[in-house]
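K.L.:
If you scroll down you'll find the structure; I have some questions about it.
Only the coordinates and a few stated rules stand behind these numbers; no lab work does. Not measured: the values here are computed from a predicted model. Counting neighbours? That spans all protein chains shown, and the Cβs are built from the backbone with ideal geometry, glycine included.
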Amino acid sequence: MRRPILVVILMLVSLGCGGDQGEKYLQAGFACFQQHDYDRAIENYERAIASGARSPGAYNMLGMAYRFKYQQTGNPELQQNEIDAFQKAVNIDSKYWVAMINLGTTYYSRGDKKQAAVWLKKALALNPNHPEKAQIEKMIAERAKEAGKPGKRPAPTGSENRDDSE
């Protein structure tokens, strides 16, 4: 199931990319990514971005390469780079639900279920028919359940909840 998703992501990456050079680096990055050569994938995605590929998909794939490199090494700096890349994708396109799912998943894996729920809710609002909707809703529900446990403060509401809106 992951291979078709990656192909779709590659097609999304190509949209909005800056010029042939940027697309060349994106394709090279994707080829390296598929070969599990995450260092070279990261290099190529960064070159694509530097050459003018201002695409949320390019940043999303950069984040994915950092994710897999982090999983290989456990280096927390790589996970922060992953988050930064996904965040840049969302900053470019505030409706880019793919990066929101990835942000939510990253925060969830870090144990930050509050931040995970924020991004996952936003993504589902934009793509309510996501094929993994049940699993995403389960992750969101874990945050709600956690917030309701004795000794836990309830989630802030209103203007106190500004951090959740980002």
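K.L.:
Report the gain in length on full extension from LYS95 to GLU137: 0.36 nm times residue separation, minus Cα-Cα distance, nm rounded to one decimal. Could you put the intermediate results ahead of the total?
P.N.:
Details: separation 42, 0.36 × 42 = 15.12 nm, distance 1.89 nm.
So the extension gain works out to 13.2 nm.
K.L.:
Excluding TYR59 itself, calculate the net charge of residues whose Cβ lies under 11 Å from the Cβ of TYR59, where each Lys or Arg counts +1 and each Asp or Glu counts -1. Let's see the in-between values first.
P.N.:
Numbers: positive: ARG54, LYS88; negative: GLU46, GLU82, ASP84, ASP93.
Net charge in that neighbourhood comes out at -2.
K.L.:
Name the shape class, rounded, prolate or oblate, that the alpha-carbon gyration tensor gives for region 79-127, where a ≥ b ≥ c are the square roots of its eigenvalues, rounded holds for a/c under 1.5, and otherwise prolate holds if a/b is larger than b/c and oblate otherwise.
P.N.:
Values: a/c = 2.47, a/b = 1.14, b/c = 2.16.
Since a/c reaches 1.5 but b/c is at least a/b, the shape of region 79-127 is classed as oblate.
K.L.:
Can you work out ³J(HN,Hα) from phi for every residue in region 20-28, in order, using Karplus 6.51 cos²θ - 1.76 cosθ + 1.60 and θ = phi - 60°, giving whole Hz and x for Gly and Pro?
P.N.:
5, 4, x, 5, 4, 5, 5, 5, 5
K.L.:
Excluding GLY29 itself, calculate the net charge of residues whose Cβ lies under 9 Å from the Cβ of GLY29, where each Lys or Arg counts +1 and each Asp or Glu counts -1.
P.N.:
0
K.L.:
Moving on. What net charge do the residues around LEU78 carry, taking every other residue with its C-beta under 12 Å from that of LEU78, with Lys and Arg at +1 and Asp and Glu at -1?
P.N.:
-2
K.L.:
Whole-Hz ³J(HN,Hα) for each residue in region 104-120, computed from phi via Karplus 6.51 cos²θ - 1.76 cosθ + 1.60 with θ = phi - 60°, x for glycine and proline: what do you get?
P.N.:
x, 5, 5, 4, 4, 5, 7, x, 8, 5, 5, 5, 4, 4, 4, 6, 5
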